[in-house]
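First the structure, in the form of structure tokens, and then the observations on it.
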Amino acid sequence: MGPKSTAPPGLTSFLNILNKNENKHDTNAYIELFISLLSRRQIRNSRSVAIATAELLLRVISVYKWQDLNQLIAHIKEVGNRLMAAQPREMAVGNIVRRVLGLIREEYEGDSKAGNISVYSDSGLDSITGRKRGESTSVLFSNLQPVLDGGEAGLLKPQVTRTTFAHQGGQFTSMFSLLSHPGSPEQNGTSTPPPTSHSSVPPTPTQSITTTATTITTEKSPPGPPGPTRDMKPGIIEGLQEILDELLTVDDQIASYSLDHIHSNEIILTHGSSLTVQKFLLKAASKRTFTVIVAEGFPNDHEATHARVMGFDPTNPIDDDDILDEVPQEQFQKTLAQAGISVILIPDAAVYAIMSRVNKVILGTHAVLANGGLLAVAGARTIAKAARDHSTPVVVVSGVYKLSPMYPYDWEALVEIGDPGKVVSWEALGEIGEGVGEKVVSVLNPIFDYVPAELVDLYVTNLGGHAPSFLYRVVGDHYRHEDINLGV
Amino acid sequence: MHTYTDNPRFPAGSPTTSSPPLGLGLVETSSGPFDILTHYTTTLDSDPDLTMPIAAIESLVALLSSTSTTASTIAEFLSIIETGISVLKSSVPNAISLSAGCDLFLRYIVRSLEDPRDFDACRAHLLQHGKLFVDRAKSSRWAIAQYGAELIRDGSTVLLHSHSRVVTALLSFAAERNIRFRCIVLETAPSLSGLITARILRSKSIPVSVIPDNAVGYVMAKCDMVLVGAEGVVENGGIINAMGTYTIAVQAKANKKPFYVLAESHKFVRLFPLNQFELPVQPQYQNLLDFTTEERNANDQVGKEGEVGCVEGTDGKTGGKKVAMGGRGKGSAPLVDFTRPEYITALISESGVMTPSAVSEELIKIYS
């Protein structure tokens with residue numbers, strides 16, 4: 001374990017330790033610390049986890065010395081696998097690790113751009129956005145994408161971004177990889193797709209990256225044996241900083257779309273204490289008057305929800321608000337009511353009863369999966385189902401960092417079971433246990449719900465609005481095909 | 001009323017007579033005629049693991065190699081390939097799957113020849129690596145098995161239809177990983193190709209129950225998921241597969257069971273069928289609606305030839321050894337139907353699990 005700090009264990013204390021930068025070459029201590037925080041759930045809430053992961057990887061990369069691409073990628077994968085093993089249900093870890101891996105590959109390929117991509121991607125656009133991903137692209141294209149997805153606006157985006165990311169391999173090539181050239185990268189000038197495509201083809205899996213890496217060194221770099229290492233690090237770190245910036249500003253970006261979705265005199269139903277939702281509503285309240293019905297999210301989230309709605313002292317330990325330090329205080333201490341919204345707080349059980357009056361449901365989320373389904377605070381599926389029953393649109397607000405490329409093969413395994421003491425007090429639980437020999441009651445407290453894609457009408461991310469069936473494209477833009485399976 | 005002969009892909013008249021003047025399966029090259037159909041069928045027969053699109057690509061490579069010294073210009077090169085493709089497409093009963101391979105091959109060549117200097121390199125590449133393509137295609141089946149095996153959980157029951165190599169590969173892979181599951185296999189009349197699946201799975205010690213096709217609604221509640229392969233995956237993410245797949249998909253939807261499709265991406269095909277009767281199946285092979293007031297003769301009894309032995313190898317690839325559909329269709333083209341994308345939970349290809357809406361994008365990437 002790393003050095004102790006005064007703050008209670010959580011994101012803040014972890015960042016303090018990272019920033020102190022004592023024994024900065026011993027990244028393993030940081031990794032171990034993060035693993036323990038993760039497995040004890042002292043850092044939870046996907047944004048905190050994402051920030052911690054990105055900060056940690058930043059430290060890991062900045063002190064790591066590598067000879068070639070494979071070595072660096074193997075190292076990051078190794079670290080990533082340890083972190084993911086510590087808390088497999090916390091998708092944000094894997095998301096950030098994959099994005100960093102993509103960043104590294106892009107940085108290397110950016111170097112070998114020379115002849116490789118000219119045929120397939122529009123070089124003009126490429127030079128605009130080539131180096132920046134994620135946020136910068138989103139800012140660029142979000143202007144092009146008005147209110148709702150699915151129409152022409154929705155179609156516009158993939159075409160544009162496709163040229164941006166076309167050279168990243170894996171995407172362009174899955175069908176052609178059958179016919180592509182077996183080895184030699186010098187051949188791939190125009191006749192074959194980028195060499196990374198081979199990774200989808202088992203018989204020749206490893207040669208692609210190695211050969212690319214070596215040809216880069218021989219072709220491009222001046223003397224000095226480990227050519228790329230020197231050049232790559234600042235670029236990768238810059239990219240990581242961009243990811244971190246994105247994590248800090250993501251809610252505001254999402255909120256900037258709120259006026260498109262919330263109209264005057266609407267009745268909005270939401271659930272739990274999501275900060276993203278809070279900001280989304282507050283932003284809309286700056287221009288519009290509307291009513292918000294809040295389902296409290298008992299038993300895991302109700303205290304935080306009450307605090308958000310009524311403006312209790314936010315210093316009491318609600319869920320995880322370590323992020324407090326990062327975000328301008330006054331903005332989210334302002335309650336919905338103070339912002340001029342009429343707020344109605346209801347118990348979860350009343351959701352169906354009230355749904356017939358609701359115009360729109362807005363849900364926060366814990367993780368979004370590639371098939372368009374999502375994990376959110378328990379109760380979300382009931383709400384989504386009730387909304388479907390009344391044909392009320394369900395809008396999910398989520399940062400792209402929550403979007404995982406994983407497919408929920410077994411969604412029941414993704415649902416975390418929490419502290420039963422929140423359902424029945426521990427004292428009462430103790431009494432239950434005393435009845436030895438009698439039938440004992442078990443108390444279950446699932447923390448999340450899996451909401452299938454067909455119950456969601458629209459996702460609003462920091463990139464704009466997307467239909468659930470379109471999320472695969474966003475996944476394709478943010479994660480490299482070869483990184484999706486980190487385990488292997 | 002929409003009839004088969006309205007189909008613009010197949011103008012009235014027998015395609016076998018309207019196709020090449022040389023005779024079935026022959027392509028005239030400057031070094032003499034090359035029988036691409038025979039090559040195609042022998043290739044398919046020689047290797048039971050081979051799929052139609054790959055055999056088609058292999059045959060086209062063979063066609064090229066037979067003319068390797070003569071095709072000296074790009075135009076000639078392309079015209080030989082195009083002739084080969086049209087001969088192949090018109091001489092097999094059901095060209096859906098085959099045409100996916102042919103179109104991919106042609107598109108690849110056209111892309112490669114955007115820079116004419118690469119002409120020789122491209123030709124050399126194709127000639128040298130014909131075998132490699134076949135190996136890759138097989139390995140993509142293996143990759144699908146690995147992705148998809150995650151779907152199979154201990155204690156689950158899987159409903160299967162017809163015979164698909166990739167489905168059996170996946171289930172065998174899951175069984176090798178000691179996952180305990182059971183399979184319900186539809187016998188898939190009239191070809192009874194479900195029995196092949198059953199036999200293969202049982203040989204891997206997987207418990208199998210074979211049921212008649214019309215029991216699909218009855219058993220659906222007892223299964224956890226449906227797994228099918230596909231002859232072709234069309235642009236909107238729907239699939240063309242053995243007759244009955246659509247029925248199963250509707251049943252699965254009604255019972256809220258996931259319906260998964262396993263298909264290598266070389267089966268993605270540029271078609272956009274809007275209904276069942278728009279499939280590019282040669283009319284004489286799938287003419288189910290034959291209204292009559294006369295008694296049918298004994299030969300019309302569906303499924304009469306339904307023994308495992310006689311359906312082996314009649315997977316629609318050869319143009320037929322046995323008459324499977326009584327008097328209704330000639331040859332043993334397996335009947336196919338079209339399943340719309342809204343019934344499909346997910347497609348699993350060698351590039352991972354994708355929603356049906358992702359298919360069009362894969363196709364656009366290649367053909368735009």
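What follows draws every value from the coordinates through simple rules; no lab data is involved. Small disclaimer: the values here were computed from a predicted structure and weren't measured. Backbone-built Cβ (ideal geometry, glycine too); neighbour counts: all protein chains shown.
With the cut-off at 21 Å, tell me which of the pairs A:Lys360/B:Lys257; B:Lys222/B:Lys257; A:Lys283/A:Lys422; A:Lys334/A:Lys360; B:Lys131/B:Lys204; B:Lys222/B:Lys253 have Cα atoms farther apart than that. Result: A:Lys360/B:Lys257; A:Lys283/A:Lys422; A:Lys334/A:Lys360; B:Lys131/B:Lys204 exceed 21 Å.
Backbone amide hydrogens, once placed in the peptide plane, bring B:Ala346 within less than 5 Å of B:Phe259, B:Val261, excluding anything fewer than 5 places away on its chain. Put simply, when A:289-298, B:48-57, A:403-412 are sorted by average Cβ atoms within 10 angstrom per residue, most first, you get B:48-57, A:289-298, A:403-412.
The Cα trace of the stretch A:370-488 gives Rg and Dmax of 18.8, 58 Å, the first to one decimal, the second as a whole number. In this structure, the amide hydrogen of A:Lys360, modeled 1.01 Å from its nitrogen in the peptide plane, lies closer than 5 angstrom to those of A:Ile267, A:Leu269, counting only residues at least 5 positions away or on a different chain. In terms of surrounding Cβ atoms within a 10 Å radius of their Cβ, B:Ile366, B:Ile96, A:Ile76 rank from fewest to most as B:Ile366, A:Ile76, B:Ile96. Placing one equal scatterer on every Cα of the stretch B:68-199 and applying the Debye formula, the log10 ratio I(q)/I(0) at q = 0.19, 0.21 Å⁻¹ is -1.08, -1.22. Per-residue mean of foreign Cβ neighbours for B:353-364 is 5 (Cβ atoms of other chains, 10 Å radius). For the stretch B:166-199, applying the loop criterion from DSSP together with a ceiling of 15 other beta carbons within 10 Å to the trypsin sites (Lys or Arg not before Pro) yields B:Arg177, B:Arg180.
Exposure proxy ranking for B:Lys131, A:Lys385, B:Lys257, based on other Cβ atoms within 10 angstrom of each Cβ and starting from the fewest, stands as B:Lys131, A:Lys385, B:Lys257. The trypsin sites (Lys or Arg not before Pro) found in the stretch A:11-79 that occupy coil by DSSP, while having at most 10 further C-beta atoms within 10 Å, are A:Lys65. Exposure proxy shown here: for B:Ser368, B:Ser209, the number of other Cβ atoms within 10 Å sets the order, fewest to most, as B:Ser368, B:Ser209. For the stretch B:33-92, GluC sites (Glu not before Pro) meeting the loop criterion (DSSP other than H, G, I, E, B) and having at most 15 other Cβ atoms within 10 Å: none. Shielding value for B:263-272 is 2, the average number of Cβ atoms from other chains within 10 Å of each residue's Cβ. Close amide-amide hydrogen proximity is noted between A:Arg480 and A:Gly102, each under 5 Å apart and 5 or more residues distant or on a separate chain (H modeled in the peptide plane; Pro and chain starts excluded).
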